[in-house]
Amino acid sequence: MINVTKAQEWLKIFAQKIDENADKLSQLDEPIGDADHGNNMNRGMQAVVESFDKENDPDLSTVFRDTAMALISKVGGASGPLYGTAFLEMSKKAKETSDLGELLQTALEGIEKRGNSKPGQKTLIDVWDPVVKAVKNNSLDEKTIDAAVESTKSMLATIGRASYLGDRSIGHIDPGAASSGVLFKSMIEAGIK
Amino acid sequence: MKKIINNPHDVVPEMIDGMVRSYPQIVNLINNTYAVVRSDQESMKGKVGVISGGGSGHEPTHAGFVGKGMLSAAVAGQVFTSPTPDQIYEAIKAVDQGNGVFMIVKNYSGDVMNFDMAKDLADADGIKVKSIVVDDDIAVENSLYTQGRRGVAGTLFMHKCIGAAADQGASLDELESLAKEILPHINTIAVALSAATVPEVGKPGFTLAEDEIEFGVGIHSEPGYKKEKMMSSKELVSELIGKLDNSLHLESNKQYAMLVNGMGATPLMEQFIFTKDTLDKLGEKNITPAFMKVGNLMTSIDMAGISLTLFELADKKWLDYLNYPVKTIAWS
């Protein structure tokens, strides 16, 4: 289960970790993208945290909506709409339920639809998919997350800008998968399961 | 990196500011955005709005093609990064006259997703929006591992035809059918002599040896299909026309429009030599293009190189659209 306080704590921890890891994430992006994933995510998450200060007594749906809008308007590229869609879908779903598994499931479906993508294509979905399954089985831990991030290294990118590299995309961790790994580790740290 | 800029973070807003202040009779800034809209809003009355946009660094694309007869508005993202949906949505609102808005999007995943989200926002507010995703770059068409062809310089022919049809009063549905009909007939292929330097990165996106070139690059210095030793203009033309012939099946009884596009650092002198060689090569097949354009139109900052677009004019009306008068900064 998730509530407003825990959700905000989760996203604040995520923002902090993204700030610390921005250079590392951008470096991951260098061989297969255009070396700006860390900076883009950092700009977005700083805006997310600022948005929390502007709301008085928000509900869970509002927290997720503000998160989505900040990410959509600040991140750009492909990551902005993908993360933005995830939180927008959670915002809609949060009006009916606060069950974490259901919220994340609807977010994952939104990402798949927005990106016209599925697991195995070397994207953030390769982290979201196993994490959502683990949350539903009550078995999410850091090891599951690390393994999911690592699994993208040997994959061939078949979608997004990395796909233009063909075989040359193999051997690099997907930057979106890496930032999603940070997102879910922050969730565990905030005590959300 | 040597560039005439101030802070690398400020290049996009400062560029747009300079542009709208240079040509206030043609474009205005949409408040709180990096988007520009036609100054002559009266003549848009009752017509479908046409918008386009994408990352910055491709100047004069896209703002240079905003004006009567072409785009109604254009949205600029950060350098080589798609604009965000809120900015695109502001442009949609600025040009909607109640008859809907048509978006021309280049096939890059970030662009496609951000324009899609903007469409969702507009749908929620009752504004009808339709779009075409342009994928004219034939360099990557045979790869198993891509999400299709990229959208590059041939997009300008789409801007021109759709803009002309919209100005003549075509409906949103008519523009959509026209765009779908035109799309497969526009093909582009490029060659790079050197890569672009993104101001915030500070170094070139890739390195080619002094005597090396890369065929089939995209407009952000993405890899192409092969590296070769530098060759003469005639040999470059042979390679590029060969690729276009494979894809479009060039025939003397068909009509074509041709676009020779400089990538930013290739002088017009070289572009005209390349154009002469292209016309000679097409002449061998008894083809004389019915419409021609040469210049730096879809650039890649300071990349040296050239792209060649051929557009098979399968319908006579398309040539009329290309010749339709416009008032923009960069298309005349």
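The values are calculated or read from the model by the stated rules, or taken from the named source; none is laboratory data. No experiment lies behind these values; they were computed from the predicted model shown. Positions of Cβ are generated from backbone atoms using ideal geometry, with glycine treated the same way; all protein chains shown enter the neighbour counts. For the accessible areas, the whole protein counts, side chains as well, though only heavy atoms, and no ligand, DNA or RNA atoms are used. Shrake-Rupley method; radii C 1.70, N 1.55, O 1.52, S 1.80 Å.
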Inset, instruction - Restrict the check to region A:112-123 and report whether at least one residue is open to solvent by less than 40 Å² (accessible area, probe 1.4 Å) and modelled with pLDDT of 95 or more. - result: no
Inset, instruction - Could you tell me which numbered condition A:Met69 fails, if it satisfies all but one of (1) within 14 Å of chain B (Cβ to nearest Cβ); (2) open to solvent by 10 Å² or more (accessible area, probe 1.4 Å); (3) farther than 25 Å from A:Asn3 by Cα; (4) touching a residue at least 12 places away in the same chain (Cβ under 8 Å)? - result: (3)
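If you check B:Val105 against the conditions, is it within 14 Å of another protein chain (Cβ to nearest Cβ) and either open to solvent by 20 Å² or more (accessible area, probe 1.4 Å) or touching a strand residue (DSSP E or B) at 6+ places or on another chain (Cβ under 7 Å) (or both)? Before you say what the answer is, go through the steps one by one.
Values: within 14 Å of another protein chain (Cβ to nearest Cβ): yes; either open to solvent by 20 Å² or more (accessible area, probe 1.4 Å) or touching a strand residue (DSSP E or B) at 6+ places or on another chain (Cβ under 7 Å) (or both): yes.
Criteria met by B:Val105.
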Inset, instruction - Could you tell me which numbered condition B:Met269 fails, if it satisfies all but one of (1) more than 30 Å from A:Asp167 (Cβ to Cβ); (2) crowded, with 16+ Cβ neighbours inside 10 Å? - result: (2)
Inset, instruction - Could you pull out the residue among B:Pro199, B:Pro223 that is modelled with pLDDT under 95, over 23 Å from A:Asp167 (Cα atoms) and touching a strand residue (DSSP E or B) at 6+ places or on another chain (Cβ under 9 Å)? - result: B:Pro199
Inset, instruction - Among residues belonging to region B:72-89 that are under 13 Å from B:Val50 (Cα atoms) and in contact with a strand residue (DSSP E or B) (Cβ under 8 Å, 6 or more places away or on another chain), point out the one that is farthest from the other protein chains (Cβ to nearest Cβ). - result: B:Ser72
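Looking at region B:216-253, which of its residues are within 14 Å of chain A (Cβ to nearest Cβ) and assigned to a strand (DSSP E or B)?
Here is the first cut: in region B:216-253, the ones within 14 Å of chain A (Cβ to nearest Cβ) are B:216-227.
Of everything in region B:216-253, those that are within 14 Å of chain A (Cβ to nearest Cβ) and assigned to a strand (DSSP E or B) turn out to be B:Lys226, B:Lys227.
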Legend entry - Candidate set: region A:73-103, residues that are outside any loop (DSSP other than H, G, I, E, B) and among the hydroxyl-bearing types (Ser, Thr, Tyr); chosen: the one nearest to the other protein chains (Cβ to nearest Cβ): A:Ser73
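Where in region B:10-59 are there strands (runs of 3 or more DSSP E), lying fully within it, with 2 or more residues that are crowded, with 21+ Cβ neighbours inside 10 Å? Can you show your working first?
Working: elements: B:27-29, B:35-38, B:49-56.
Per the criteria, B:35-38, B:49-56.
If we keep just the residues of region A:146-157 that are surrounded by fewer than 20 Cβ atoms within 10 Å (Cβ to Cβ) and part of a loop (DSSP other than H, G, I, E, B), which is farthest from the other protein chains (Cβ to nearest Cβ)? Steps first, please.
First, the residues of region A:146-157 that are surrounded by fewer than 20 Cβ atoms within 10 Å (Cβ to Cβ): A:146-147, A:150-151, A:153-154, A:156.
Then keep just the ones that are part of a loop (DSSP other than H, G, I, E, B); that gives A:153-154, A:156.
Working: A:Lys153: 17, A:Ser154: 15, A:Leu156: 6 Å.
Restricting to residues being surrounded by fewer than 20 Cβ atoms within 10 Å (Cβ to Cβ) and part of a loop (DSSP other than H, G, I, E, B), the top hit is A:Lys153.
Looking at region A:27-37, which of its residues are part of a helix (DSSP H, G or I) and without any contact (Cβ under 8 Å) to a residue 60 or more places away in the chain? It would help to see each step written out before you state the result.
Taking region A:27-37 first, the residues part of a helix (DSSP H, G or I) are A:27-29, A:37.
The answer is A:Gln27, and nothing else.
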Legend entry - Filtered residues of region B:189-206 (kept if assigned to a loop (DSSP other than H, G, I, E, B) and either away from chain A (no Cβ under 14 Å) or within 20 Å of the chain's Cα centre (by Cα) (or both)): B:Ala195, B:Ala196, B:Val198
